Amino acid sequence: MHRSDRDVSAFRARCQEASDLIFSEASQGREILVVGHNDADGLSSIGIVSGALLEIGAKFISRSVFRIDEFFETTAEHGGRLITLVDMGSGSLSELRERLGEARLVIIDHHPPEQCELGENWLLVNPHLYGIDGENEVSAAGVAYFVIRTLIAEAHRYSALAVVGALGDLQDKGEKRKLVGLNEEIVSEAVKNNWLSVSEDFIFHGRGFKPIHQAIASTQSPFLPGLSGDEAASLSLLVDAGIELRNGDKWRTVSDLSEEEKSRLYNAVVTYLAKNNHSTEVARDLIGTIYELVNEEESSGLRDAREFSHLLNACGKTGNAWLGISVALGFRGWVLREAQKVVENYRSILKRSLETASKSLEQMHHSIVLRVGSEIDVRQVSSVASIVSSSKLIPPDKPLIVVGQEGSIAKVSARASPKLVAMGLNLGDIMKEAALKFSGRGGGHKIAAGAEIPADRLTLFLFEVDNMVGAALSVSKKQITLDDGA
Ligand code: C5P
Ligand code: C5P
């Protein structure tokens, strides 16, 4: 089903087909079900599709789910309605076929699709089918945006939300943390229509509105060991660097700093990391491309597209997806205030879990395992994996496997460095294959993947994953040696 030759026109034609189908359904007054993943990209995608449905006056119900089995539970009674599944499904086509083969289904996704016959009344909109890299150059929110572009007149109002989704999925893999490929096209449209501005600066959380020490302490991507989560340590770093914290009775923000002060701050962070025996490489990710939603208030936490994606992720991972979807749809006022409380609370939950988690990393031969206890909600295992893997506490030559448990099910989230992916590691394939061997379910991208397996089979599963990682990397090392010898 994958194509190696890139065909953007055929991809657009498929987006148009999906848009026509949705339009025809809405015009006949039939209710549409919109279901998506509970992370930032999933909620952005739900927001984009739901916003367009609202605009065309369609009847619809939107909801987010944590896992595909939750999707099966919620759609068992679909009653023949058109189901629009966003940011999930492509990796589970055979299971979908078994359970919902007869349903009418549009899948708007960017996960690598399983090789499998589709159901008769299905439409799969997925960039991988057209040789477009769904891992790095367009997220599910981007695909949703391309679908609704032909459904409503002023679709560009959702372009910035598509950028939020892509950043939520960490697709800023270009130089200086730029979005690349089809995402760049979306960025251009957003800029042209005055929704977005692009610049280069420090990527501290709350850059434009938080006191500087709070901005440093709130930054989790990249995770700065010793500073992320610690306002006192961040404050003393600034004092030592001789940076004025206030301007009269007002706290200064990172955006208020002069160029000279910014470079002093950067050097202070690097020195702090080196002094505390942490890799200084992480500091490089502190400076990069900033995507700003220019119509959002500075203090809303929505102006910086990465911060917007944190807010959606926090809502999705704490059972408050409805708040995230509402914000994505444009609701502000008390809805936004509630969502902001969720973000602050989520930040302290993550801080506590990271403090315990980072002390208990287990070394396997080829990977690093982190088992989190029941103090961490399984829905948050994914965020812990993303943050710890970006912290550089993990050497770039080993993937991180984080494991949490809910009842008899173990939830696994795996993350690899770009270096490992370049060496041929595909965590999505490994999670899928290993989970199948142990009566579980797994899949995902090369760089970020996950699985759910019976908890009593966890140890064997981890050995299997470790062996598979070792095998994948040894093949790649052999190839490098042969190439060198040739
Ligand atoms: O289902 P989906 O593709 O949206 O989820 C991918 C997940 O993997 C996101 O939570 C994203 O933040 C995470 N990710 C990561 N590191 C990467 C790429 C994605 O942690 N390099
Ligand atoms: O849950 P987590 O964020 O770790 O998942 C990483 C990626 O793996 C996501 O894109 C998710 O959709 C995918 N995944 C999957 N099948 C699973 C679990 C996760 O495709 N059983």
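The values are calculated or read from the model by the stated rules, or taken from the named source; none is laboratory data. In this text the structure is predicted, and so the values were computed from the model without any measurement. Note: ideal-geometry Cβ built from the backbone for every residue, glycine included; neighbour counts use all protein chains shown. Only protein heavy atoms, including side chains, enter the accessible area calculation; ligands, DNA and RNA are left aside. Shrake-Rupley method; radii C 1.70, N 1.55, O 1.52, S 1.80 Å.
Gain on full extension, evaluated as 0.36 nm per residue between Leu361 and Ala274 minus their Cα-Cα distance, stands at 29.2 nm. Placing unit charges on the Cβ atoms of the charged side chains and taking the dipole of the chain about its Cα centre, the candidate lying farthest along the positive direction among Ala52, Gly29, Val327 is Val327.
What is the Cα radius of gyration of the stretch 8-178 over 2.2 N^0.38 Å, N being its residue count?
Values: Rg = 14.7 Å, N = 171, 2.2 N^0.38 = 15.5 Å.
That works out to 0.95 for the stretch 8-178.
Separation of the stretch 85-164 and the stretch 423-445, taken as the distance between their Cα centroids, equals 21 angstrom.
A full extension of the chain between Val239 and Ala76 corresponds to an added length of 52.8 nm, given 0.36 nm per residue minus the alpha carbon distance. Relative contact order of the chain, taken over Cα pairs closer than 8 Å and 6 or more residues apart, is 12 percent. Of the accessible area of the chain, computed with a 1.4 Å probe over protein heavy atoms only, carbon and sulfur atoms account for 50 percent.
Using only the alpha-carbon atoms of the stretch 161-243 as identical scatterers, what base-10 log of I(q)/I(0) does the Debye formula give at q = 0.15, 0.24, 0.27 Å⁻¹? Each listed q corresponds, in turn, to -0.66, -1.12, -1.28.
How much length is gained if the chain between Glu98 and Ile61 is pulled fully straight, taking 0.36 nm per residue apart and subtracting their Cα-Cα distance, in nm to one decimal?
That works out to 10.9 nm of additional length.
Across the stretch 58-131, Cα pairs under 8 Å and at least six residues apart give a relative contact order of 27 percent.
Provide the net charge surrounding Gln171, with neighbours chosen by a C-beta distance below 11 Å and charges set as Lys +1, Arg +1, Asp -1, Glu -1. Net local charge, Gln171 excluded: -4.
Could you work out the mean projected area of the convex hull around the alpha carbons of the chain, in square nanometres to one decimal?
On the way: hull surface 94.6 nm².
With every direction weighted equally, the projected area is 23.7 nm².
Using the Cβ-Cβ distance between Leu118 and Phe463 with R0 set to 41 Å, the FRET efficiency works out to roughly 0.70.
Computed over neighbours whose Cβ is under 12 Å from that of Thr289, the net charge equals -3, Lys and Arg +1, Asp and Glu -1. Karplus-derived 3J(HN,Hα) values for the stretch 89-103, using 6.51 cos²θ - 1.76 cosθ + 1.60 with θ = phi - 60°, are x, 4, x, 10, 4, 5, 5, 4, 5, 4, 9, 9, x, 8, 6 Hz; glycine and proline are entered as x.
Normalised size of the stretch 222-371, defined as Cα radius of gyration per 2.2 N^0.38 Å with N residues, equals 1.21. Selection among Ala153, Ile107, Gly119 by position relative to the dipole of the stretch 16-165 gives Ala153 as farthest towards the positive end (Cβ unit charges, Cα centre).
Note on Glu344 and Ser258: the model spin-label points, each 7 Å out from Cα along the C-beta direction, lie 3.4 nm apart.
Nothing charged except the Cβ atoms of Lys and Arg (+1) and of Asp and Glu (-1): what's the magnitude of the dipole of the chain about its Cα centre? Round to the nearest 20 debye.
On the way: 52 positive and 66 negative charges, 124 e Å.
The calculated dipole for the chain is roughly 600 debye.
Our compactness index for the stretch 180-299, the C-alpha radius of gyration over the empirical 2.2 N^0.38 Å, is 1.14.
Please report, largest first and rounded to whole Å, the three semi-axes of the ellipsoid equivalent to the stretch 357-478, where each semi-axis is the square root of five times an eigenvalue of the C-alpha gyration tensor.
On the way: eigenvalues 85, 55, 27 Å².
For the stretch 357-478, the ellipsoid semi-axes come out as 21, 17, 12 Å.
For the pairs Lys359/Lys392; Lys173/Lys419; Lys176/Lys275; Lys351/Lys392, flag any whose C-alpha to C-alpha distance is greater than 18 Å. Table pairs above 18 Å Cα-Cα are Lys176/Lys275. Taken along its three principal axes, the alpha carbon spread of the stretch 21-62 comes to 31, 15, 15 Å, from the longest extent down to the shortest. Given R0 = 25 Å, the distance between the Cβ atoms of Arg332 and Leu54 translates into a calculated FRET efficiency of 0.95.
Looking at the chain, the accessible area is 42 square angstrom per residue; that uses a 1.4 Å probe and ignores ligands, DNA and RNA.
Could you compute the net charge surrounding Val198? Neighbours are other residues with a C-beta less than 14 Å from the C-beta of Val198; K and R count +1, D and E count -1. Before the final figure, lay out each step's value.
On the way: positive: Lys176, Arg177, Lys178, Lys192, Arg303, Arg306; negative: Asp172, Glu175, Glu184, Glu185, Glu189, Glu200, Asp201, Glu292, Asp304.
Overall, the nearby charge balance is -3.
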